[in-house]
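These notes are about the structure you will find just below.
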Amino acid sequence: MRSISLFFRSVTKSLILVSFLAVAAVSSASAQDVAAGGAIFKQKCTACHGVGKVVVGPDLKGVDSRRDEAWLLKWIKNAPAFIASGDPEAKKMEAFSPAAMSAFPELSDDDIKNILSYVKAEETKPAADTKAAGGASAEGGSGGISNFMIFGLLAVIIIAFIVIVVLNRVIRTLERIMLQKQGVLVEEDEVETGDRFAGLKRLTKNKKFILFIVLLLVIFLGSAGWMGMWETGVHTGYQPVQPIKFSHQLHAGVNKIDCQYCHTGAFTSKNASIPSLNVCMNCHNYVTASDKYDGKTSPEIQKIYHALDYNETTKQYGTNTKPVEWIRIHNLPDLAYFNHSQHVSVAGIECQKCHGPIQTMEEIYQFAPLTMKWCINCHKETEVDHKDNPYYDRLIAAHDKLKKGEKVTAAVLGGLECSKCHY
């Protein structure tokens, strides 16, 4: 009987341990699904959708309860084709939104399921934790583990511990009863009196309990380390306080000033360039926002005047100028070469593709992760529009020369451009 009891004990504890590891693995995999879905959501969805708010498209909160998964997979992957198929619900959605839903054929079913997992996780977060126009967190924001998942995992751990303790007591009681029936004298467990930490001391001597705690620590520290390394160098959501509170929402949104009026380099050079204060003075020589400050110049505009040593009464500039120390937000590593003109002028990419809905941002933050994977995915998806494009016309002309067997030099292919060799 004792051998049966010992076998039962070993099998039971093995099952508990395997169950716990399975739950931990599922939880870890679920967290990774949420993180992956968050990265895709911020890259492809935040320009039109929010969780808990209406942006351009409908609010995605509770979308899994409004539509089944199979329907959502078809809709997200290729909404225009789904509408053309005659699906009545798809036609209703077409009439709802002021902008057509884009097709994302590059997304796999697993990618879409990860996005839905991220949306579900975001629903459980407090509203204050959600950042406007993108929901990016300051920590790097590739999505994360919701409070529900954390507390659920803690509850599973606590329940597993309680089950182990109860089963231990039950097994010891059954063993004592069987031994007593066999006529074996069993001594009762000695209880230390007067020592409030007696139970804790016994636990520290329990090798299985110590193994359980060590296993938990390894899983926790391993997961934290993995997520930390995965997010190293990713600054999604980074939003420093700038020396002058320049509102893109006011200038680019309300006043509809074109981005390239200030960032002139984006169209012609590698860098978008920081506008000089002289560009600001084109307007703020006259625009002082005094109607909002009891006839006085806005404090933020005063900072421009102070930096330029400008006397707004005499309209004269002094010689005691000071630079405005803007804090850089979007910063690629030195090993990466990015040319704004290649993307803006040649490819015709909108600024919002990388910088997010700038026209709605009161204060600028990093919208996209700017990782290599993010850039590669964009290059895989973006179709090259070479029609009436002088850049590609040169390449096509060079290609025609090659087909005819004519001489083509590196200079013809842009080999004399400075940026080919000099960063």
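Meeting the requirement of 3 or more residues that are farther than 23 Å from N377 by Cα, modelled with pLDDT under 80 and open to solvent by 40 Å² or more (accessible area, probe 1.4 Å), the helices (runs of 4 or more DSSP H) wholly within the stretch 30-122 are 88-96.
Given the condition surrounded by 16 or more Cβ atoms within 10 Å (Cβ to Cβ), modelled with pLDDT of 90 or more, among the hydroxyl-bearing types (S, T, Y) and touching a helix residue (DSSP H, G or I) at 6+ places or on another chain (Cβ under 6 Å), answer yes or no: does some residue in the stretch 335-347 qualify? Yes; the residues of the stretch 335-347 include at least one that is surrounded by 16 or more Cβ atoms within 10 Å (Cβ to Cβ), modelled with pLDDT of 90 or more, among the hydroxyl-bearing types (S, T, Y) and touching a helix residue (DSSP H, G or I) at 6+ places or on another chain (Cβ under 6 Å).
Listed by first and then second residue, the pairs linking a residue in the stretch 52-71 that is more than 19 Å from K113 (Cβ to Cβ) to a residue that is of a type in the set (V, I, T) and buried (at least 16 other Cβ atoms within 10 Å of the Cβ), with Cβ atoms under 8 Å apart and 6 or more places separating them unless they lie on different chains, are G52/T130; K53/T130; V55/T46; D59/V51. Select from the stretch 404-423 the residues that are of a type outside the set (K, R) and either within 17 Å of Y337 (Cα to Cα) or not in a loop (DSSP other than H, G, I, E, B) (or both) and write down the one among them that is least open to solvent (accessible area, probe 1.4 Å). The extreme case among them is G414.
If you check K401, K387 for being without any contact (Cβ under 8 Å) to a residue 12 or more places away in the chain, surrounded by 11 or more Cβ atoms within 10 Å (Cβ to Cβ), over 30 Å from Q242 (Cα atoms) and not aliphatic (A, V, I, L, M), only one passes: K401.
Note on the stretch 361-372: residues that are surrounded by fewer than 16 Cβ atoms within 10 Å (Cβ to Cβ) and more than 15 Å from F338 (Cβ to Cβ) amount to 2.
Which one is least open to solvent (accessible area, probe 1.4 Å), of the residues in the stretch 171-200 that are in a helix (DSSP H, G or I) and at pLDDT below 75? The extreme case among them is A198. Report yes if I157 is closer than 30 Å to E122 by Cα, out of contact with any strand residue (DSSP E or B) (no Cβ under 7 Å at 6 or more places or on another chain) and either open to solvent by 90 Å² or more (accessible area, probe 1.4 Å) or modelled with pLDDT under 75 (or both), otherwise no. Considered against the rule, which asks whether it is closer than 30 Å to E122 by Cα, out of contact with any strand residue (DSSP E or B) (no Cβ under 7 Å at 6 or more places or on another chain) and either open to solvent by 90 Å² or more (accessible area, probe 1.4 Å) or modelled with pLDDT under 75 (or both), I157 comes out as no.
The values are calculated or read from the model by the stated rules, or taken from the named source; none is laboratory data. From a predicted model like this one, the values you see are computed outputs, not experimental measurements. Positions of Cβ are backbone-derived with ideal geometry, glycine not excepted, and every protein chain shown enters the neighbour counts. Areas reflect the complete protein model, heavy atoms only, side chains present, ligands, DNA and RNA absent. Shrake-Rupley method; radii C 1.70, N 1.55, O 1.52, S 1.80 Å.
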